[in-house]
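The values are calculated or read from the model by the stated rules, or taken from the named source; none is laboratory data. Given the structure is predicted, the values throughout are model-derived calculations rather than measurements. Don't worry about glycine lacking a Cβ; one is built from the backbone with ideal geometry, like all the others, and counts go over all protein chains shown. In case anyone asks, the SASA skips ligands and DNA or RNA and just uses the protein heavy atoms, side chains included. Shrake-Rupley method; radii C 1.70, N 1.55, O 1.52, S 1.80 Å.
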Amino acid sequence: MAKTPDTEVHEEDLALARACAHGDPVALAALEAHIIPQVRVALKRRGVDETTTDEALQVLRARFLVADGALPPRITEYSGRGPLSAWLRMTALRLAWGLVNERKGPALSDDAPLEALSGAPHDMELQYLKSRYGADFNAAFQEALAGLEPRARTLLRMHLVDGMGTARIAEAYGVDRSSVKRWLATAREWLLDQTRTRFAARVGARVPELGSLLAQLQSQLDLSIRRLMKTEGDAP
């Protein structure tokens, strides 16, 4: 009995996916040359801008082509039911939509990102700072986060939201681990500097409590970034 389209296994695509999972350079090059361009075109047809497309594809590579500790790359989940290009296309679309939704701004409480500091010492001082400057400070931080350049945003998302270690990210980017650590440190420093600048522009450069607010933010920076970046439905 002939196989129906629903039961047909795409053997060549399955073999390619398995080879990519084992890190075969020829297979990875074939994926980049023949499959990824199809995914890119599909995102463009759906109205996804180039920056978001680049970011979604980089996250896709890191999640699906790089092993996560003892776990194999997630491309091993491909079963051959349907073309590999279609499988990756739908995954990339979900990633892109999640990134677009994130840039529109997550639903925030009045205290975010200072909400992350609720367990910090000197609670009376913190409550005073929240009540007096919370809205302006949170807006300044959110604006700074939205202004991150694409690579920095992708790196922070991979590390803080997806839980990828620096070694795994380094492999995905084809660089050494120290480069990833340097990129992440630069992104964090830029966020703090931009938050300081934007907050001062809102309330005045001579606010004596600004140093205390920034110190609190720096102590819980990763948690604050994670709160703002994490959105529903962005994982495939």
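Name the residue, out of ARG132, ARG74, ARG81, ARG94, that is modelled with pLDDT of 80 or more, more than 20 Å from VAL161 (Cα to Cα) and surrounded by fewer than 20 Cβ atoms within 10 Å (Cβ to Cβ).
Step by step, each of ARG132, ARG74, ARG81, ARG94 is checked, and only ARG81 is modelled with pLDDT of 80 or more, more than 20 Å from VAL161 (Cα to Cα) and surrounded by fewer than 20 Cβ atoms within 10 Å (Cβ to Cβ).
Among the residues of the stretch 11-33, write down those that are at pLDDT 90 or above and either open to solvent by less than 50 Å² (accessible area, probe 1.4 Å) or in contact with a Ser or Thr (Cβ under 8 Å, 6 or more places away or on another chain) (or both).
Scanning the stretch 11-33 gives ASP13, LEU14, LEU16, ALA17, ARG18, ALA19, CYS20, ALA21, ALA27, ALA30, LEU31.
From (1) closer than 30 Å to GLU143 by Cβ; (2) modelled with pLDDT under 90; (3) surrounded by 14 or more Cβ atoms within 10 Å (Cβ to Cβ); (4) of a type outside the set (Gly, Ala, Ser), pick out the condition that doesn't hold for ARG40.
For ARG40, the exception is condition (2).
Select from the stretch 159-177 the residues that are assigned to a helix (DSSP H, G or I) and out of contact with any strand residue (DSSP E or B) (no Cβ under 8 Å at 6 or more places or on another chain) and list them in ascending order.
Within the stretch 159-177, HIS159, LEU160, VAL161, THR166, ALA167, ILE169, ALA170, GLU171, ALA172, TYR173, ARG177 qualify.
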